[in-house]
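Read through the structure below, which is laid out as structure tokens, and then see the notes.
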Amino acid sequence: MPQLITIGETMAAFTPDSVGALRYVQNFGIRTAGAESNVAVGLAKLGLEAAWVSRLGTDEFGCFIRNQLRAEGVDCSRVIYDPDHRTGIMFKETGVGETKVFYYRENSAASHLCPEDVTPALLDGVKVLHMSGITPVLSESCLAMTKAAFALAKEKGVAISFDPNIRRKLWRGQDYAPLIRELTLQSEIVLLGLDEADALFGLRDPDAIFDLLFRDGCAQYVAIKDGGNGAWAADKTTREKLPPYPCKPIEPIGAGDGFNAGFLAGILQGRDVVTAGRMGAICGALATQTPGDVEGYPDAAQMEAALTGAAITYR
């Protein structure tokens, strides 16, 4: 039985073998890309049971995603295969100090997730449901599914973990801030960026953000991420500024999801909120040292070594 279930779209991601505009790129590699499945992979690498729920097309990209996630130890047994819609894909474009993303996910299989996919037994025995603000903006049925998943978690006493994960490119000119703000305030574990707190609540002071979420929301644990500047972690009795973990970054995508995985692993393992925050900082930092989203995430031995300052002998 998984300790955590996460629901959301994962795409086949094509990554160029050279920098510059895609019109000049001749060769691509292929990886998986999805905020929710990244978190599941990060947890699985740390030795926790995590399941990912979504819809995939009955196509080769769907098979690829399933195989990749299962190979990382993620439980994919609840994935729904949709013969009528294709698996979403995306392309990355890399340049000096920046990465652009181009989505081809409209009308994808995952955009047809619906409330009926959230079966009454889905969260039986589960401790945490993790979702992001990406999923409810994909379609009306995804929004309805998100609300159904939140309601089921509340009914069963499952803690909701939520990352606003604001992606304005997906908003298509609409203002989803009120919706994402509402979902944030309904969540027991809130994992948000400092810029997202500003966009949603007009706040940039960490203490003011903590005060609001603990006072007006359901939050029991909160982490505020600020990239290379570090992070803050808090529960209702403890607040701590966390310095960034040393790393040599080459690609920032996947770092926020890595932080989420490390932090949630700490909470699920019963560690204090500061240690959970340190685990998030370590996982997020190591994610930046590889070109893919999840390849840099640590396993349990690497995490313990990083927490204790011990060296690992590789040769």
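Taken together, the values in this text are just the output of simple stated rules run on the coordinates, not laboratory data. On a predicted model such as this, the values are computed, not experimentally measured, just so you know. So basically every Cβ, Gly included, is an ideal-geometry build from the backbone, and we count neighbours across all protein chains shown.
General remarks:
- Scan the range 41-71 for residues that are small (Gly, Ala, Ser), surrounded by 18 or more Cβ atoms within 10 Å (Cβ to Cβ) and touching a residue at least 40 places away in the same chain (Cβ under 8 Å) and the total you get is 6.
- When the range 138-161 is filtered for residues that are assigned to a helix (DSSP H, G or I) and within 19 Å of THR87 (Cβ to Cβ), the ones remaining, listed by number, are SER141, CYS142, MET145.
- Neighbours by Cβ (under 6 Å, 6+ apart or cross-chain): first from the range 173-184, among the β-branched types (Val, Ile, Thr); second not in a helix (DSSP H, G or I): ILE180/GLY133; ILE180/PRO164; THR184/PHE162; THR184/PRO164; THR184/VAL190
- ARG172 vs. criteria among the basic types (Lys, Arg), under 30 Å from LEU22 (Cβ atoms), over 20 Å from the mean Cα position of the chain (by Cα) and surrounded by fewer than 16 Cβ atoms within 10 Å (Cβ to Cβ): yes
- Segments classed as strands (runs of 3 or more DSSP E), wholly inside the range 1-68, with at least 1 members that are of a type outside the set (S, T, N, Q), closer than 29 Å to LYS147 by Cβ and within 13 Å of the chain's Cα centre (by Cα): 4-7, 28-33, 50-53
- Residues of the range 84-133 satisfying the condition of being more than 21 Å from VAL39 (Cβ to Cβ), part of a loop (DSSP other than H, G, I, E, B) and not β-branched (Val, Ile, Thr): ASP84, HIS85, ARG86, GLY97, GLU106, ASN107, CYS114, PRO120, ALA121
- Residue check for LEU194: of a type in the set (A, V, I, L, M) and within 20 Å of the chain's Cα centre (by Cα): yes
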